[in-house]
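Since every read-out is calculated from the coordinates, none of them should be taken as a lab result. Computed from a prediction, not measured in an experiment: that's the story for all the values here. Cβ coordinates were reconstructed from backbone atoms using ideal geometry, including for glycine residues, and neighbour counts include every protein chain displayed.
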Amino acid sequence: MCVTFRAGGGFGISGGSRPWREIPELRERMERWRKAGLRRISFLSDRPDVKDKLRKLGVEIVVATDLGADIEHSMARDLGVRSPKTVMNETFYLFCPGLKVAVLSAVTAADAGAVPVDREVVSMGGTEQGLDTAIVVKPAYSDEMFHPQRGLEIREIICKPRTMMGPSGFYLSRAWASGAQKV
């Protein structure tokens, strides 16, 4: 199964965030896109060619709003309003960005009815476009994520990056945060 972002999403190819500048494979990909004259890359939800390839491979696709980047994310980014969701996301980032993606993808898939909430699943995520984190999780619906009996459980971290420190001395999961500090 593939969990992807809402329709209409994408990212610009202007300067690129710190991971795109510091991770060689991502930097090379960005350069190829720039040379091809691309200015924006759409998320999978707007890429029928990629969706068709996945469907031919038997991959179920769940298109939904990223639970970590919804209305509250816009309020934080555009209005400076912080919420408990910001604290939750930043806590996941302490492990690595892929943990946030893996956890919230499992919850998104549960909300869509694509994975059971009473059995373990393996969920994966990563930084920008690379998978680097895998967990065993018992998903929960988003409105029951913290429920004492039915809530989400991260049962095992199979793998994650040892460090997210980039060559510039910046911690890559904080690369997009305003005021990122060099350590």
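Before moving on, here are some points about what is shown:
- Projecting the Cα positions of ILE154, LEU54, MET88 onto the charge dipole of the chain (unit charges on Cβ atoms of Lys, Arg, Asp and Glu, taken about the Cα centre) puts LEU54 furthest along the positive direction.
- Expressed per residue, the C-alpha convex hull volume of the range 2-174 stands at 136 Å³.
- Think of each Lys and Arg Cβ as +1 and each Asp and Glu Cβ as -1; about the Cα centre, that makes the dipole of the chain roughly 740 debye.
- Of the residues ARG150, ARG162, ARG18, the one with the fewest other Cβ atoms within 10 Å heads the list, and the complete ranking is ARG162, ARG150, ARG18.
- Sparse-neighbourhood loop sites, trypsin sites (Lys or Arg not before Pro) in the range 1-78 - DSSP loop, at most 13 other Cβ within 10 angstrom: ARG39
- Label-to-label distance, ILE158 versus ARG82, with points set 7 angstrom from Cα along the beta-carbon direction: 3.5 nm.
- Over the chain, dividing the summed -39,500 (n - 2.57) contributions of all DSSP H runs of at least 4 residues by the number of residues returns a 222 nm mean residue ellipticity of -9000 deg cm²/dmol.
- Only one residue of GLY37, VAL103, VAL137 has its Cα farthest out toward the positive end of the dipole of the chain, where Lys and Arg carry +1 and Asp and Glu -1 on Cβ, and that residue is GLY37.
- Pairs from LYS53/LYS85; LYS53/LYS160; LYS100/LYS138; LYS35/LYS56 whose Cα-Cα separation, in the structure shown, is over 25 Å: LYS53/LYS85; LYS53/LYS160; LYS35/LYS56
- Separation of the PHE11 and LEU54 label points, Cα + 7 Å toward Cβ, nm: 1.6 nm
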